[in-house]
Every structure is written in structure tokens, then in C-alpha cells.
Amino acid sequence: MRNLIIIALVVIGYFQLKRLLWESPPLKREKRAKEVADEMVQDPACGVYVPMRNAVPRTISGHEFFFCGSRCAEDYERKIASRNA
Ligand SMILES: [Zn+2]
């Protein structure tokens, strides 16, 4: 009976390990990271779409925004600040 439990644990462990290895191969993770970097985000200040890797991220009052440049980021930050004031 004790042997059966050990065998069951080994089998469960094997499948979990297999699933873990299968679900996150390094290549797949790299591809996902690339997809995120290529994702288009909209600049809320001027409405232009930019690839995320080229965008300027800025967290304004707890929300993350992406801008085409630091100029738009600053303009938008000022706009939000004046709206909240
Ligand atoms: Zn812009």
C-alpha cells in the first residue's frame, strides 16, 4: 500500500514537471515578449499609434499610459493635473 502511494506521487510529479516544461519553453517565452514589444499602443495626447517598445511609458494618477514622445507625456500629464485641480 505504501508503495502504491509512492508510485502515485512519482507519476503525479512526473506529469506536473512535464506540464511545467511544456508550458514554458524558453523559446515560447521569448516570442511572447516580442509580441508584447510589437503591440501597438495609442498615445492619449495626440491619438497616434506607436509600437510599445518605442513608446514612452508614464504612470499618471495610477494609470499607465504610453506616449509617442516625452513631449506628449508631459502635455498629457499637465492636462490631467489641471483637470484634477
Ligand atoms: Zn503623441
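The values are calculated or read from the model by the stated rules, or taken from the named source; none is laboratory data. It should be emphasised that the depicted structure is a prediction, and the values quoted were computed from it without experimental measurement. Every residue, glycine among them, receives a Cβ derived from its backbone with ideal geometry; neighbour counts consider all protein chains shown.
The C-beta contact set for the range 70-85 (first residue β-branched (Val, Ile, Thr), second residue part of a helix (DSSP H, G or I) and surrounded by 14 or more Cβ atoms within 10 Å (Cβ to Cβ), distance under 8 angstrom, 6+ apart or interchain) is empty. For the range 35-72, a tally of residues being of a type in the set (Gly, Ala, Ser) and more than 8 Å from the ligand (Cβ to nearest atom) returns 5.
Picking from residues in the range 11-39 that are more than 30 Å from residue 56 (Cβ to Cβ), surrounded by 10 or more Cβ atoms within 10 Å (Cβ to Cβ) and among the aliphatic types (A, V, I, L, M), the one that is modelled with the highest pLDDT is 11.
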